[in-house]
Structures are given as C-alpha cells and as structure tokens.
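Below is one structure, written out as structure tokens; the observations come after it.
The values are calculated or read from the model by the stated rules, or taken from the named source; none is laboratory data. Given the structure is predicted, the values throughout are model-derived calculations rather than measurements. Virtual Cβ from ideal backbone geometry, glycine too; neighbours counted across all protein chains shown. The protein model used for the area step is the full one, side chains on, heavy atoms only, and it has no ligands, DNA or RNA in it. Shrake-Rupley method; radii C 1.70, N 1.55, O 1.52, S 1.80 Å.
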Amino acid sequence: MAKKDLLGVKGMEAKELKELLKLTAAMKKEVGQRRRTAVPPLQGKTLGMIFERPSTRTRVSFEVAMTQLGGHAIYLDLGGSQLGRGESMADTARALSQFVDAVLARVYKHEEVEELARYGSIPVINGMSDREHPCQALGDVFTMQEKGRKSVAIVGDPQTSVANSLLVACAKLGIKVHIVCPPGYMPREEYLREAEKAGADVRMSHDVNEGVREAEAIYVATWKPGGAEEEGDEKMRAFLPFQVNSAVLARAKKNCIVMHPLPARRGVEITSEVLDSRNSVVWEQTANRLHVQKAILAYLLGKK
Ligand code: CP
C-alpha cells in the first residue's frame with residue numbers, strides 16, 4: 001500500500017478531512033475518559049522532527065502526542081544535524097527512512113517537504129512551510145466545529161501559510177469565509193481557486209468593521225509570521241488598521257469567538273484586551289493541537 005503524507009490541505013479530499021476530525025474527537029474523548037488501551041497504538045514507533053525554524057506549539061504537541069501514544073520523537077535542527085552543513089533533503093529523507101517511522105518537518109520552502117516525501121519511504125507531515133500549515137488548520141476547524149461556528153472572518157494577511165490552509169479547510173467543510181485585508185494583499189490565487197472549486201462561499205472586504213459584522217468567529221491571520229516588523233514598514237502601515245481590538249470586537253456579534261494561531265504580537269495584530277477577553281478561545285484552540293497531532297499520527301501510521 002502506498003504511504004500517506006500530510007503536506008497540505010490543498011489536494012485533500014473533504015472526506016479525508018472529516019475522517020481526521022472524527023479521529024481527533026475520538027482522541028480528545030479518550031483523554032477525557034482517561035481510558036487506557038492495553039497496548040498504546042504507537043508503541044515502538046519513532047517520529048523524526050526536523051525544525052529549520054523555531055516552534056513552541058508544533059514541536060511540543062507532536063512530541064507529547066508521540067509519548068502519549070506510546071512512541072517517541074527525535075528533534076533535529078539545522079545546527080544539530082547534517083542539514084545545517086548542506087546535506088540535501090533527498091539524502092536526509094533516505095537516511096531517516098532507515099531509522100524512524102514518520103517525519104515531521106518545519107521548513108522555509110514548501111518544495112523541501114515535497115522532496116522529503118518524494119525521496120523518503122515513510123509518511124511526511126508538514127509542520128509549516130511557506131505555503132501551508134495543515135496541522136494548525138486542522139486544529140482550527142476542529143475548534144470551530146466544537147464551538148458550532150459556521151462562518152469565520154479571517155482578518156489580516158490572507159497570504160500566509162496558516163491562512164492558505166485555513167481557507168481551503170473551511171471551504172471543504174462548508175464553513176463560510178470572509179477575508180478581511182488591505183487592498184493589494186488578496187489570497188493567493190491557487191488557494192482561492194481550490195476553495196471555490198470546493199463550492200465555498202468566500203467574501204472579501206477591505207473594511208474591518210464591515211468584515212467582522214456577521215462573523216461567528218474572528219480569526220487573526222498574523223501579518224508576517226516569525227519576522228520582526230519595523231515601525232514605518234509599508235506592510236505595517238497597511239495592516240495596522242486591521243488590528244483586532246476592542247472597537248473591532250464591539251462591531252461583531254456578542255458571542256463571536258476570537259481565534260489566533262499564536263504566537264501573538266500583543267498590541268500589533270491583536271490587543272491584549274481582546275486576546276484575554278471572554279470571546280477569546282485561543283487556549284482551547286492551542287490545546288486542540290495535541291488531539292489533532294495524535295489523530296494525524298495515528299492516521300498516517302495506520303493505527304486508529
Ligand atoms: N502556531 C504554531 O504553529 O505555533 P509554533 O510556531 O509555536 O509551532
């Protein structure tokens with residue numbers, strides 16, 4: 001049987017997405033019930049984790065997921081592996097395939113996870129590339145479903161990997177999307193096309209107050225993930241009017257939830273007042289990353 005990878009939400013069938021969300025719910029329920037299976041499903045399995053870029057949530061949730069499922073994870077960064085000295089992803093994939101059962105990779109270029117998947121004989125999981133962050137998006141739509149949300153306003157940069165994956169995931173699950181961003185920062189064409197192909201109801205607005213008015217959830221799409229912003233930077237000037245603050249929240253429905261993939265730059269794309277408000281579900285959203293990672297691992301490694 002051909003190996004399965006999780007490189008992006010684009011290209012995934014809605015059926016597959018729903019199966020992963022169902023498995024996530026089962027994983028979460030199992031923790032709630034503190035049930036112990038006789039043999040942990042991933043006993044003896046090892047996950048290799050390549051991080052070219054820093055991470056808190058993705059790294060820790062995957063490592064804990066492996067431990068809780070009975071396996072374990074090995075962390076590799078550029079400084080502590082031959083990748084930092086120029087060994088190719090293709091050869092790294094061939095080498096890791098001799099030792100571990102799956103690889104998670106956070107990379108700069110999406111082509112790098114594609115190369116890992118092409119040359120490795122084991123499942124590859126994209127832990128965020130410049131095009132997609134499928135593990136984040138799965139946790140996000142799971143949280144929206146838990147909260148019974150059928151529409152979301154994605155406020156901020158619609159061209160980030162998080163926004164790309166989220167747009168397509170929502171589209172495939174029938175969650176209405178309202179993109180709220182400055183003119184000139186429209187979603188990437190290929191993701192918009194994929195969302196429309198799924199029959200999505202995608203609206204766009206350049207007015208933040210108008211954009212959040214009907215939404216059941218506001219999702220803050222960070223402007224430049226991982227990058228330092230300079231005061232006076234053109235992008236900063238374009239996006240500051242799209243900051244999710246108390247005035248913006250006051251325009252939304254009273255029970256509108258606020259989501260953010262984190263890390264948040266408090267006072268930049270979102271204010272502390274909103275992030276710490278009763279409308280914010282960011283810590284539940286973060287907690288769901290663990291259940292989603294467990295579902296992904298069980299799904300790809302064939303143990304459900
Ligand atoms: N949201 C997210 O992926 O967080 P980390 O960068 O901390 O992994």
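Quick notes on this structure:
- Applying the condition of being within 16 Å of the ligand (Cβ to nearest atom) and assigned to a loop (DSSP other than H, G, I, E, B) to the stretch 269-304 and asking which residue is surrounded by the most Cβ atoms within 10 Å (Cβ to Cβ) yields GLU269.
- When PRO123 is tested against (1) within 16 Å of the ligand (Cβ to nearest atom); (2) open to solvent by less than 20 Å² (accessible area, probe 1.4 Å), only condition (1) is not met.
- Qualifying residue in the stretch 13-28 (condition: open to solvent by 60 Å² or more (accessible area, probe 1.4 Å), modelled with pLDDT of 95 or more and farther than 22 Å from THR286 by Cα): yes
- Search result, residues across the stretch 40-57 that are assigned to a loop (DSSP other than H, G, I, E, B) and either open to solvent by 10 Å² or more (accessible area, probe 1.4 Å) or closer than 15 Å to GLY84 by Cβ (or both): PRO40, PRO41, GLN43, GLY44, LYS45, GLU52, ARG53, PRO54, SER55, THR56
- Criterion: assigned to a loop (DSSP other than H, G, I, E, B) and without any contact (Cβ under 8 Å) to a residue 24 or more places away in the chain - qualifying residue of GLU87, GLU111: GLU87
- For the condition farther than 24 Å from HIS206 by Cβ, open to solvent by less than 20 Å² (accessible area, probe 1.4 Å) and either touching a Lys or Arg at 6+ places or on another chain (Cβ under 6 Å) or in a helix (DSSP H, G or I) (or both), VAL248 does not qualify.
- Among the residues making up the stretch 78-97, a single one is basic (Lys, Arg) and either open to solvent by less than 20 Å² (accessible area, probe 1.4 Å) or out of contact with any Gly (no Cβ under 8 Å at 6 or more places or on another chain) (or both): ARG85.
- Taking first residues from the stretch 154-166 that are touching a residue at least 24 places away in the same chain (Cβ under 8 Å) and partners that are of a type in the set (A, V, I, L, M) and open to solvent by 10 Å² or more (accessible area, probe 1.4 Å), the Cβ contacts under 7 Å between residues at least 6 apart in sequence or on separate chains come to VAL155/VAL208; PRO158/MET186; SER161/MET128.
- Qualifying residue in the stretch 169-184 (condition: open to solvent by less than 10 Å² (accessible area, probe 1.4 Å), in a helix (DSSP H, G or I) and in contact (Cβ under 8 Å) with a residue 60 or more places away in the chain): yes
- Sole exception among (1) of a type in the set (Ser, Thr, Tyr); (2) open to solvent by less than 40 Å² (accessible area, probe 1.4 Å); (3) not in a helix (DSSP H, G or I) for TYR75, by number: (2)
- For the stretch 98-108, the candidate set comprises residues that are in a loop (DSSP other than H, G, I, E, B) and open to solvent by less than 50 Å² (accessible area, probe 1.4 Å); within that set, the residue that is farthest from the ligand (Cβ to nearest atom) is ASP101.
- Just one of the listed residues (THR24, THR46, THR92) is touching a Phe, Trp or Tyr at 6+ places or on another chain (Cβ under 8 Å), over 30 Å from ALA264 (Cβ atoms) and β-branched (Val, Ile, Thr), and it is THR46.
- Cβ-Cβ contacts under 6 Å between residues 6 or more apart (or on different chains), taken from a first residue in the stretch 39-62 that is within 8 Å of the ligand (Cβ to nearest atom) to a second residue that is in a loop (DSSP other than H, G, I, E, B), are listed as THR58/GLY127.
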